[in-house]
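Reviewing the structure listed below.
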Amino acid sequence: MMPEFMIAGLWGLVSGSGLLFGAIIADTFFGRLTHRMIAAIMGFGGGVLIAVVGTELIGGQDPPGLGPLAIFGLLAGAAIFSGSNWDLARRGAKHRKRCGECVEQPNEQEHHGSGVAIALGSVLDGIPEALVIGMSVAGGGRISLAVVAGFFLANVPQGLSSASGMKLAGRSRRYIYAVWIGIPLLVCIAAGAGNFVLGSAETLAPAILSFAAGAVIAMLAETMIPEAFEKAPPFIGLITVIGFLAAYLLAQH
């Protein structure tokens, strides 16, 4: 039987591959995807993530509710993500999820080192999902289809919008594909490593999942919502709720 950490790694690769899928769409249809189209897809992805947090990370805890340790984990996850994101934003990664039509990503001439910062920021965005997947299969547990599908669906618009912005900023295809091939592989490794290191700490699972939930919510607020709601298409709120509903219904099966 395959070791748990390898199973976690494979599921991490599956969910992370949504980023590459989105980047391929951006590369294939570059110039034909407007900001409003991308914003609509990003809004849908944001709704999916809200559902994953609500039903799987917070709502799916046993026993239900948030104890003191879980509350601390939730706040710590958000604080660490926001602090790391603030540091990377100063290095040129603030607009890494922007498609470039409303707000442009910097190029290397405008902000030296921004290419590395954007890549690191994209890695940062993938760490919470890797942590969730690693913990989900701990102790022989079965990973929820809603978790994997939810992260995959949320990753597609992130890769799509960010890759579009990279192309408008003049980044090479080699750089773009290196980022979006490399990050799913890193999510794979991180999910496996997270399972190997933290998988036996079942008593800490609520706090660890809450930590990931806090980081996901912070990532959503700081990197996805700005792209989805600036000069948004009509009914962007409804589109976001449709994404939430799709992931919620998936979680019920």
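Which residue is farthest from TYR175 (Cα to Cα), if the candidates are limited to segment 88-121 and must be part of a helix (DSSP H, G or I) and open to solvent by 40 Å² or more (accessible area, probe 1.4 Å)? In this case the residue turns out to be ARG90.
Within segment 66-87, residues that are within 22 Å of VAL123 (Cβ to Cβ) and touching a residue at least 60 places away in the same chain (Cβ under 8 Å) have Cβ atoms under 9 Å from residues that are surrounded by 15 or more Cβ atoms within 10 Å (Cβ to Cβ) and basic (Lys, Arg) in these pairs: ASN85/LYS94, counting only partners at least 6 apart in sequence or on another chain. Considering the conditions (1) open to solvent by less than 30 Å² (accessible area, probe 1.4 Å); (2) modelled with pLDDT of 90 or more, ALA146 is excluded by exactly one of them, (2).
Does segment 122-154 hold any residues that are assigned to a helix (DSSP H, G or I) and touching an Asp or Glu at 6+ places or on another chain (Cβ under 8 Å), and which are they? Show your work before the answer.
Let us first name the residues in segment 122-154 that are assigned to a helix (DSSP H, G or I), namely 122-136, 138-140, 145-154.
Across segment 122-154, the qualifying residues are VAL132, ALA138, GLY139, GLY140, ALA146, VAL147, GLY150, PHE151.
Conditions tested, residue by residue: (1) surrounded by fewer than 17 Cβ atoms within 10 Å (Cβ to Cβ); (2) within 21 Å of VAL147 (Cα to Cα); (3) in contact with a Gly (Cβ under 6 Å, 6 or more places away or on another chain).
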residue	(1), (2), (3)
ALA163	no, no, no
SER172	yes, no, no
LEU204	yes, yes, no
ILE208	no, yes, no
LYS231	yes, no, no
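Quick check on ILE133: is it at pLDDT 90 or above and open to solvent by 60 Å² or more (accessible area, probe 1.4 Å)? Answer is no for this residue. Residues being closer than 30 Å to VAL197 by Cβ, surrounded by 24 or more Cβ atoms within 10 Å (Cβ to Cβ) and either out of contact with any Leu (no Cβ under 8 Å at 6 or more places or on another chain) or of a type in the set (Ser, Thr, Tyr) (or both): count how many of those fall in segment 12-51. Of the residues in segment 12-51, 3 are closer than 30 Å to VAL197 by Cβ, surrounded by 24 or more Cβ atoms within 10 Å (Cβ to Cβ) and either out of contact with any Leu (no Cβ under 8 Å at 6 or more places or on another chain) or of a type in the set (Ser, Thr, Tyr) (or both). Starting from segment 29-56, keep only residues that are more than 15 Å from VAL216 (Cα to Cα) and among the basic types (Lys, Arg), then list their pairs with residues that are open to solvent by 10 Å² or more (accessible area, probe 1.4 Å) and not in a helix (DSSP H, G or I) whose Cβ atoms are within a distance under 7 Å, requiring at least 6 positions of separation or different chains. Taking only residues 6 or more apart or on different chains, the pairs are ARG36/PRO233.
Can you tell me which residue among VAL132, VAL156, VAL148, VAL137 is touching a Phe, Trp or Tyr at 6+ places or on another chain (Cβ under 8 Å) and under 14 Å from VAL216 (Cβ atoms)? Walk me through it before giving the result.
Numbers: VAL156 fails: under 14 Å from VAL216 (Cβ atoms); VAL148 fails: under 14 Å from VAL216 (Cβ atoms); VAL137 fails: under 14 Å from VAL216 (Cβ atoms).
Selected residue: VAL132, the only one of VAL132, VAL156, VAL148, VAL137 that is touching a Phe, Trp or Tyr at 6+ places or on another chain (Cβ under 8 Å) and under 14 Å from VAL216 (Cβ atoms).
Only one residue in LEU220, LEU186 is open to solvent by 40 Å² or more (accessible area, probe 1.4 Å) and either touching a helix residue (DSSP H, G or I) at 6+ places or on another chain (Cβ under 7 Å) or at pLDDT 90 or above (or both), so which one is that? Steps first, please.
Values: LEU220 fails: open to solvent by 40 Å² or more (accessible area, probe 1.4 Å).
The unique qualifying residue is LEU186.
The values are calculated or read from the model by the stated rules, or taken from the named source; none is laboratory data. These figures come from a predicted structure and were not determined experimentally. Neighbour counts are summed over all protein chains in view; Cβ atoms, including those assigned to glycine, are modelled from backbone coordinates with ideal geometry. Areas reflect the complete protein model, heavy atoms only, side chains present, ligands, DNA and RNA absent. Shrake-Rupley method; radii C 1.70, N 1.55, O 1.52, S 1.80 Å.
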